[in-house]
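Engineer: Dumping the structure here so I can ask a few things about it.
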Amino acid sequence: MKLLPLALFAGLALSAHAAPDGLALATKNNCMACHQVATKVVGPSYKDVAKKYAAQKNAEAMLIGKIKKGGSGTWGPVPMPPQTASEADLKVIVKWILSQK
């Protein structure tokens, strides 16, 4: 009987650990080559992106689209090439980016 709470806790800890991490996925997908959390590199910092889109209701979908298509002009003249990360990875990455306030 006492093992049940321990087993439930272990299961929760395991599932939380197995959940994708936005920073790990951003690193895996080479996003960190041009972006950093708090410092502008080639592209804007993730904190700046989160701040810019904090009030936008459709920010997540819009950013996923921008990352997929690439582009230039929003943050300056340097273009971001289209990215090939999976839709699932992009959702996790973008949620993580938007949490960087």
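No value in this document is a laboratory result; all are computed from the given coordinates. What you see is a predicted model; the values in this text were computed from it and never measured. Neighbour counts run over all protein chains shown; Cβ positions are idealised from the backbone, glycine included.
Engineer: So for the stretch 19-101, taking the charge dipole from beta-carbon charges (+1 Lys/Arg, -1 Asp/Glu), which of LEU25, PRO82, VAL41 sits furthest toward the positive end?
Structural biologist: Highest projection toward the positive end goes to VAL41.
Engineer: Pull up the cross-link candidates among the lysines for LYS95, meaning alpha carbon to alpha carbon under 30 Å and not fewer than 8 places away within one chain.
Structural biologist: LYS28, LYS40, LYS47, LYS51, LYS52, LYS57, LYS66, LYS68, LYS69
Engineer: Would you mind counting up the charge near ALA26? Only other residues with Cβ under 14 Å from its Cβ, with Lys and Arg at +1 and Asp and Glu at -1. Each step should come with its number before you reach the end.
Structural biologist: Details: positive: LYS28, LYS47, LYS91, LYS95; negative: ASP21, ASP89.
Residues close to ALA26 contribute a combined charge of +2.
Engineer: Would you kindly compute the Cα radius of gyration of the stretch 25-101 and its largest Cα-Cα separation (Dmax), both in Å?
Structural biologist: So, for the stretch 25-101, Rg and Dmax equal 11.2, 29 Å respectively.
Engineer: Here's a follow-up. Between beta-carbons, use under 11 Å as the cut-off and find the net charge around VAL94, counting Lys and Arg +1, Asp and Glu -1. Present the calculation step by step, with values, prior to reporting the outcome.
Structural biologist: Numbers: positive: LYS66, LYS68, LYS91, LYS95; negative: GLU60, GLU87, ASP89.
Spelling it out: positives minus negatives among the neighbours equals +1.
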